[in-house]
Amino acid sequence: MQPERIVVKIGTSSLVTGGRLDPHKADALAASVADLTHSGLRPVLVTSGAIAQGRTVLGSGGAGEEGLRLAAAVGQGPLFEAFRAGLARRGLTAAQFLFTPLDLCDDRHRDGLRSALDHALGRGVVPVVNENDAVQVRNNDILAALLSVLLRARLLALLTDVRGLYGSDPRTDPGARLIPEAKGMTVELERLAGSSAAGPGTGGMISKLGAVWIATLAGVTAAIADAHEPRVLSRLLGGESVGTLVHPRDTVREHGLEPLWRAFSTPPRGTVVCRPAARHVIDAGGPVPLPLVARTEGSFTAGDVVDVAVDGTSPIARGRTRLGALSLAEALSADDADDATVLHPSEYVSLLEAC
Ligand code: GLU
């Protein structure tokens, strides 16, 4: 049996002090990752921080969309070096991997990447991953989740600067309670935790929910925990209650990486309410055609993420719509509504198990 893989993702805010990459924080994480390797596991580190680091060098040159990409390109070297050196001090070799979710959607890129990662892990080399931000800045939570699915990891550990998911907003509710554990992600848990997203990671918590969806729907346990909890990784792996742990359900469907990415890279902007027959279509993984749509809720445009629901139920699917709310309304009021595809199977994920 091959050693278990662990995908550890750390956010910028947990790695910087005063806007600058903090070598002590990077070294502490390198030490924890090295401990995992030495104990026989195969960690993959997904780290942000390139943009923040690059901006300290570029100053105003790091502003705007182009500046962001340049900052990432400037900062990536020092970011990798911090981890490379920290791992080398502990006798380990690091390998830098930069890619985007689109690489995971392309068969040849994905297979090439997987075999390079397999080769690294097989030799005890520690992959240090970041999104290739010079190509497109998106989101490392989602990238890490997709990677945990690709590598069939035992755990996706999302390390951040909040303790985990809360059932209410800890900024306004002193009695807010941390959710220690859940079986399967649900729309209800998402609402509860999403509305309580706290601290500097507010936007980040939303993307962590997307990451938890991706991992758990595909059978990987996901954890959200405070990066600065002592021995956070070994405690998580030892079964201690640290942060929030979301286990996959007992029954897991096969999902492609592309639909997982399309469905959870951003939160849904509305709902396509369908006739009951849509349930069978989604169960069979077919395209959702226009005649099955009854109405829409919310304002969304083509390419946005939407939920698919049947009246009175929680969402039965989530994915990228090919038609915006206005076009859908127009098409639905036309006498001769065609059977255009609203959601294509490569762009949505069934939530029937999560309902
Ligand atoms: N990959 C970016 C960085 O290294 C940040 C994207 C993210 O935080 O998810 O700075």
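The values are calculated or read from the model by the stated rules, or taken from the named source; none is laboratory data. Everything quoted here is computed from the prediction, not taken from an experiment. Neighbour counts are summed over all protein chains in view; Cβ atoms, including those assigned to glycine, are modelled from backbone coordinates with ideal geometry. Accessible surface is based on the protein model in full, side chains and every heavy atom, while ligands, DNA and RNA are left aside. Shrake-Rupley method; radii C 1.70, N 1.55, O 1.52, S 1.80 Å.
How about segment 270-349: which strands (runs of 3 or more DSSP E) wholly inside it have at least 2 residues that are of a type in the set (Phe, Trp, Tyr)? Lay out the reasoning, then the answer.
Numbers: elements: 271-274, 293-297, 305-310, 317-320, 341-343.
The strands (runs of 3 or more DSSP E) meeting that bar number zero.
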(Q) For the structure I just gave you, tell me whether Leu104 is more than 18 Å from Lys9 (Cα to Cα), at pLDDT 95 or above and either surrounded by fewer than 18 Cβ atoms within 10 Å (Cβ to Cβ) or away from the ligand (no atom under 13 Å from the Cβ) (or both). (A) no
**Q.** Residue that is nearest to His119 (Cα to Cα), among those in segment 7-35 that are away from the ligand (no atom under 16 Å from the Cβ) and surrounded by 24 or more Cβ atoms within 10 Å (Cβ to Cβ)
**A.** Val33
Q) When you go through (1) over 16 Å from Ile206 (Cβ atoms); (2) open to solvent by 30 Å² or more (accessible area, probe 1.4 Å) one by one for Leu192, which number turns out not to apply? A) (1)
Q) If we keep just the residues of segment 119-147 that are more than 12 Å from the ligand (Cβ to nearest atom) and not aliphatic (A, V, I, L, M), which is surrounded by the fewest Cβ atoms within 10 Å (Cβ to Cβ)? A) Arg123
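Every residue in segment 289-301 that is closer than 21 Å to Glu190 by Cβ and open to solvent by less than 40 Å² (accessible area, probe 1.4 Å), please. Full working, then the answer.
Initially, segment 289-301 is screened for residues closer than 21 Å to Glu190 by Cβ, giving 296-300.
The answer is Phe300, and nothing else.
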Q) Do you know which of the residues in segment 36-61 that are crowded, with 22+ Cβ neighbours inside 10 Å and either free of Cβ contacts under 8 Å to residues at least 24 places away in the same chain or part of a loop (DSSP other than H, G, I, E, B) (or both) is farthest from the ligand (Cβ to nearest atom)? A) Gly54
Q) What number of residues in segment 148-176 are surrounded by 23 or more Cβ atoms within 10 Å (Cβ to Cβ) and within 13 Å of the ligand (Cβ to nearest atom)? A) 3
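Whether any residue in segment 68-90 is open to solvent by less than 10 Å² (accessible area, probe 1.4 Å), more than 16 Å from the ligand (Cβ to nearest atom) and not in a helix (DSSP H, G or I) is what I want to check.
Applying the first criterion (open to solvent by less than 10 Å² (accessible area, probe 1.4 Å)) to segment 68-90 yields 71-72, 75, 79, 83, 86-87.
From what is left, the residues that are more than 16 Å from the ligand (Cβ to nearest atom) are 86-87.
From the residues that got through so far, the ones that are not in a helix (DSSP H, G or I) too are none.
Among the residues of segment 68-90, not one is open to solvent by less than 10 Å² (accessible area, probe 1.4 Å), more than 16 Å from the ligand (Cβ to nearest atom) and not in a helix (DSSP H, G or I), which makes the answer no.
Consider Leu245 carefully, then state whether it is open to solvent by less than 40 Å² (accessible area, probe 1.4 Å) and assigned to a helix (DSSP H, G or I).
Details: open to solvent by less than 40 Å² (accessible area, probe 1.4 Å): yes; assigned to a helix (DSSP H, G or I): no.
Criteria not met by Leu245.
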